[in-house]
Amino acid sequence: ILMRLNSDGSPDVTFGNESIVTKDLSSGTETSNDRYAAVAVRPDGKYFLAGLSDKFSSPGRTRRYVTATQFNSDGSIDNTFGTNGISLMQVGDGETSAYFSTSLRLRTLRDGRLAVSVSERVYASESSGEYEFFTSVLRFDQNGIDNTFSDDGRITFGTGPNIGILGGFDEDQLGKIVIASCDDKIRRFNIDGTLDSTF
């Protein structure tokens with residue numbers, strides 16, 4: 001759900017359907033749990049929403065995706081973004097617990113692009129009880145996932161089996177992304193998503 005209010009707090013009835021826009025991120029007959037967690041207003045008035053989608057797989061397990069959706073200023077879907085307005089990228093490339101709460105953060109970068117960070121607990125296999133936590137940062141441009149950032153628009157690194165809460169992340173004056181993760185490490189990444197070995 002995306003809702004727009006006037007400056008006095010009243011619903012802006014010129015937006016969407018009486019101030020509200022809803023978007024179902026499921027497809028076909030699949031069962032999923034979708035929720036938006038952050039929003040950014042772009043300079044051209046479009047709305048970028050980032051969240052998480054759980055696509056249910058084996059019992060008690062899901063495959064979790066970062067969901068990015070872009071809307072035009074009137075609340076209509078921006079079909080120039082991603083695939084029909086939506087960009088999905090799986091986090092961790094494996095199954096996670098359906099009951100584990102993943103944290104997500106959003107930053108607007110100096111050049112207007114957007115970065116989303118997320119942490120995830122991923123099992124070693126479908127039958128395994130062993131898991132590891134991963135942190136991923138994804139970068140989006142005006143049209144969707146930014147494939148000039150790393151190999152596929154994201155950087156991902158493991159933080160061990162007992163750490164699950166995402167630390168902070170921000171952009172420095174050179175445009176490099178700095179991540180303070182909960183494995184007691186600070187990492188800096190170059191603009192192209194490679195790890196900055198000079199740091």
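The values are calculated or read from the model by the stated rules, or taken from the named source; none is laboratory data. This structure is a prediction, so every number in the text was calculated from the model and none was measured. All Cβ positions, even for glycine, are placed from backbone atoms using ideal geometry, and neighbour counts span all protein chains on display. Only protein heavy atoms, including side chains, enter the accessible area calculation; ligands, DNA and RNA are left aside. Shrake-Rupley method; radii C 1.70, N 1.55, O 1.52, S 1.80 Å.
Here are a few things to note about the model shown:
- Scan of region 168-196 for residues that are small (Gly, Ala, Ser) and either within 18 Å of THR148 (Cα to Cα) or within 17 Å of the chain's Cα centre (by Cα) (or both), ordered by number: GLY168, GLY175, SER181, GLY193
- Residues of region 61-81 that are closer than 12 Å to ALA50 by Cβ and open to solvent by 10 Å² or more (accessible area, probe 1.4 Å): TYR65 alone.
- Just one of the listed residues (ARG139, ARG113) is open to solvent by 40 Å² or more (accessible area, probe 1.4 Å) and among the basic types (Lys, Arg), namely ARG113.
- Exactly one residue out of GLY175, GLY129 is within 30 Å of ASP78 (Cα to Cα) and loosely packed, with under 14 Cβ neighbours inside 10 Å, and it is GLY175.
For every residue, the table says whether it meets (1) under 12 Å from the mean Cα position of the chain (by Cα); (2) modelled with pLDDT under 90; (3) of a type in the set (Gly, Ala, Ser).
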{"residue": "ILE1", "(1), (2), (3)": "no, yes, no"}
{"residue": "VAL13", "(1), (2), (3)": "no, no, no"}
{"residue": "ILE20", "(1), (2), (3)": "no, no, no"}
{"residue": "LEU25", "(1), (2), (3)": "no, yes, no"}
{"residue": "ALA50", "(1), (2), (3)": "yes, no, yes"}
{"residue": "ALA68", "(1), (2), (3)": "yes, no, yes"}
{"residue": "ASN72", "(1), (2), (3)": "no, no, no"}
{"residue": "ILE77", "(1), (2), (3)": "no, no, no"}
{"residue": "GLY94", "(1), (2), (3)": "no, yes, yes"}
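- Look at (1) at pLDDT 85 or above; (2) in contact with a Phe, Trp or Tyr (Cβ under 6 Å, 6 or more places away or on another chain); (3) not aromatic (Phe, Trp, Tyr) and you find that GLU120 fails only one, number (1).
- Which numbered condition SER53 fails, given (1) open to solvent by 30 Å² or more (accessible area, probe 1.4 Å); (2) in contact with a Leu (Cβ under 6 Å, 6 or more places away or on another chain); (3) under 30 Å from GLU130 (Cβ atoms): (1)
- So ASP111, is it at pLDDT below 90, within 17 Å of ILE145 (Cβ to Cβ), of a type in the set (Asp, Glu) and assigned to a loop (DSSP other than H, G, I, E, B): no
- Cross-chain or 6+ apart pairs with Cβ under 7 Å, region 14-25 first and within 15 Å of THR69 (Cβ to Cβ), then in a loop (DSSP other than H, G, I, E, B) and open to solvent by less than 40 Å² (accessible area, probe 1.4 Å): GLY16/GLY75; VAL21/GLY75
- Within region 86-106, tally of residues that are open to solvent by less than 50 Å² (accessible area, probe 1.4 Å) and either assigned to a strand (DSSP E or B) or touching a residue at least 40 places away in the same chain (Cβ under 8 Å) (or both): 14
- Residue list for region 144-167, filter: in contact (Cβ under 8 Å) with a residue 60 or more places away in the chain and outside any strand (DSSP E or B): ASP152, GLY153, GLY164, ILE165, LEU166
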